[in-house]
Structure formats: structure tokens, C-alpha cells
Amino acid sequence: MRRTEAAKQLGGFVREHRTDGGRRLRQAGIMLVVGAVGMAFGVPVAVASIGTTDGAPQLAGLLLGVGLAGLGLGIWRLVQGFRTREQSFDVHERGLTHRVAGTATLIPWQDIASVGARGEDGRPLAEARGMGFTCNIVLTDGHRIRIDTFTEDAQQLAVTTHCAVHLGQFPEGRGHRRTD
């Protein structure tokens, strides 16, 4: 669906928020490599440590733990990257257009049941991992849309959506002026 068609239904275009899918896939690749290296070193150390009580079993556990965690997180991020490829959000005066892999879904403000945001995750490297800020948009039909720091200006998108849904303060499209 083109923006002009969406604008007919949702009002004037305000702004676009793209999601950086390439960054998600790069992160997945790094995690998968870390996981593979951890497993590659962990399995031989575990086999070699059979029957010993020195530090080898602890080292094997550490390496296997890093390997399994890296592989698990890498696969999760890879799946997430493919599920949300080419994702973007277009904000309009009367709703959002959610685009994923060439499919556009029009979401009028009244079809959004709730907007919940959580910001500034204090964990190390949370922002770099895409977990520094998250926003969950719950639609009236039960579907959920998750926005995280991989989406540009994710906090602004969350604030705009919250204001429109919960406060009735709708964004203004291009060419409109306030008459306050």
C-alpha cells in the first residue's frame, strides 16, 4: 500500500520510523560466532575433563554455557531479524501504518488498546543489544507489536502513539497548522 492510499484512510503523513534490520542480523551473526567458538572449545575441554576434579570441569562448563547462550541468543535474534525485515512505522494523523517485508497494515488510533513503554535498561550494553528501550503496542484484536531501539526514534514513536491513544492528542500532518 502506498503512502497516498494510507493517507486517504489515516490522514496526513507525519513521519516515518524505520527499523535497522541489518544491525539485528549483524548482532545475530556475532552471537552465533561466539556461540560456535564457545562450543568448539567447550566440547573438547569437557571430554578431556572427564574423571578429573581440577579446574577443567568448571572451564568446560563456562565454555559450554557461553556457547549455548551465544547460539540461543543468535538464533533468537536471527529469527527476529527475518520476521521484522524491512519493518517501518509511518505515523499519520489518525493512526499508524506498520510495514513488514512489503506488507502494510493500517492501524487507526482507536484500534490500539494500550501502549506500554519501558526505557533506560540499566544492564551493560543494553542499548547496543537493542534492549535499552522497548515499547509494546497491544491492538484491540489482541495482536502485539514490539518496538525497540533498533527502530529509529523509538521513544518519539512511543510518545506519539501514547499521546494519541491515551490522551487524545493527535499528531498533525504536513501542511497543517495549529489554531490555538
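The values are calculated or read from the model by the stated rules, or taken from the named source; none is laboratory data. No experiment lies behind these values; they were computed from the predicted model shown. In this analysis, Cβ positions are derived from the backbone assuming ideal geometry, glycine residues included, and neighbour counts consider all displayed protein chains. All accessible areas refer to the heavy atoms of the entire protein, side chains included, with ligands and DNA or RNA removed. Shrake-Rupley method; radii C 1.70, N 1.55, O 1.52, S 1.80 Å.
For the reader, a short list of remarks on this structure follows.
- Comparing G142, G12, G35 in a Gaussian network model of the chain, where Cα atoms under 10 Å apart are tied by springs, the biggest mean-square fluctuation is seen for G142.
- Span-like helix criteria (full DSSP H runs; alpha carbon extent of at least 24 Å along the helix axis; mean Kyte-Doolittle hydropathy of at least 0.5) are satisfied in the chain by 21-48, 56-83.
- Cα shape, the chain, gyration tensor, a/c 1.5 rule: prolate
- Surface listing: T149, T97 arranged by accessible area from highest to lowest gives T149, T97, probe 1.4 Å.
- Gyration tensor verdict on region 59-107 (Cα atoms; rounded if a/c is under 1.5, prolate if a/b is larger than b/c, oblate otherwise): prolate
- Candidates V165, V115, V33: whichever shows maximal mean-square fluctuation once the chain is modelled as a Gaussian network with Cα springs under 10 Å: V33
- When the solvent-accessible area of the chain is split by element, carbon and sulfur atoms take up 58 percent of it, the probe being 1.4 Å.
- Per-residue SASA entry for H143, accessible area with 1.4 Å probe, Å² rounded to 10: 120 Å²
- Among T151, T105, T19, the largest mean-square fluctuation in a Gaussian network model of the chain (Cα springs under 10 Å) belongs to T105.
- Net charge dipole, the chain: roughly 400 debye, given to the nearest 20, about the Cα centre with Cβ charges of +1 for Lys and Arg and -1 for Asp and Glu.
- The residues of the chain expose on average 58 square angstrom of accessible surface per residue, using a 1.4 Å probe on protein heavy atoms.
- If you plug the beta carbon distance of D141 and E86 into 1/(1 + (r/R0)^6) with R0 = 22 Å, you get a FRET efficiency near 0.45.
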